Amino acid sequence: MNSKQLGKLGEKIAEKYLRKKRYKILTQNFKRKWGELDLVAKKKRNIIFFEVKTISAREGFAPEDEIGWKKKKQLIKMSQIYLSENKIPFDSPWQIDIIAVEISPDFKKAKVRHFPNAVEDNY
């Protein structure tokens, strides 16, 4: 399985996890030339943008550690573009969460960690 396939599998696992936690999925893979939002969801009145990071458990590092300041800036910009394009006021409650997915080498188990409000607009 290449890294793109692994990433898609991680996004499916994350989506299933979020639906189970009663998030309403609004959009998957929102792409523009500046970047991509993996998942956009709503829970109560909040819009939540999700960055999903997936690794095979044998890789030996935490997937959430792969999100540096440049990626965080891009996520903030993409979130603002999504809000603007969907005519959602910027002062509406929104946040950017990270979901880390570690898949076992045999692809039979996955460990999901959710980091709410992991990216803040202070860059």
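Do you know which residues across the stretch 102-122 are closer than 19 Å to ALA41 by Cβ and among the aliphatic types (A, V, I, L, M)?
Selection gives ALA110, VAL112, ALA118, VAL119.
Where residues in the stretch 79-115 are in contact (Cβ under 8 Å) with a residue 60 or more places away in the chain and either over 19 Å from LYS8 (Cα atoms) or surrounded by 12 or more Cβ atoms within 10 Å (Cβ to Cβ) (or both), which of them is nearest to the chain's Cα centre (by Cα)?
ILE99
Okay, residues lined up against (1) closer than 15 Å to TYR82 by Cβ; (2) in contact (Cβ under 8 Å) with a residue 40 or more places away in the chain:
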{"position": "ARG19", "(1), (2)": "no, no"}
{"position": "ARG32", "(1), (2)": "yes, yes"}
{"position": "GLU36", "(1), (2)": "yes, yes"}
{"position": "LYS44", "(1), (2)": "no, no"}
{"position": "GLU51", "(1), (2)": "yes, yes"}
{"position": "ALA57", "(1), (2)": "no, yes"}
{"position": "GLU64", "(1), (2)": "no, yes"}
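Can you tell me which residue is farthest from GLN95 (Cα to Cα) among those in the stretch 14-45 that are aliphatic (A, V, I, L, M) and crowded, with 19+ Cβ neighbours inside 10 Å?
Within the stretch 14-45, the match that is farthest from GLN95 (Cα to Cα) is ALA14.
How about the stretch 29-60: which of its residues are basic (Lys, Arg), touching a helix residue (DSSP H, G or I) at 6+ places or on another chain (Cβ under 8 Å) and closer than 18 Å to LEU9 by Cα?
Answer for the stretch 29-60, where residues must be basic (Lys, Arg), touching a helix residue (DSSP H, G or I) at 6+ places or on another chain (Cβ under 8 Å) and closer than 18 Å to LEU9 by Cα: just LYS53.
Yes or no: GLN74 in contact (Cβ under 8 Å) with a residue 24 or more places away in the chain and polar (S, T, N, Q)?
In short, yes.
Identify, by number, the condition in (1) under 24 Å from LYS108 (Cβ atoms); (2) free of Cβ contacts under 8 Å to residues at least 40 places away in the same chain that LEU9 doesn't meet.
(2)
Criterion first (of a type in the set (D, E, K, R), modelled with pLDDT of 95 or more and within 13 Å of ILE99 (Cα to Cα)) does GLU51 satisfy it?
The answer is yes for GLU51.
The values are calculated or read from the model by the stated rules, or taken from the named source; none is laboratory data. Predicted, not measured: the structure shown is a model, and the values here were computed from it. Cβ atoms come from the backbone with ideal geometry, glycine included; neighbour counts cover every protein chain shown.
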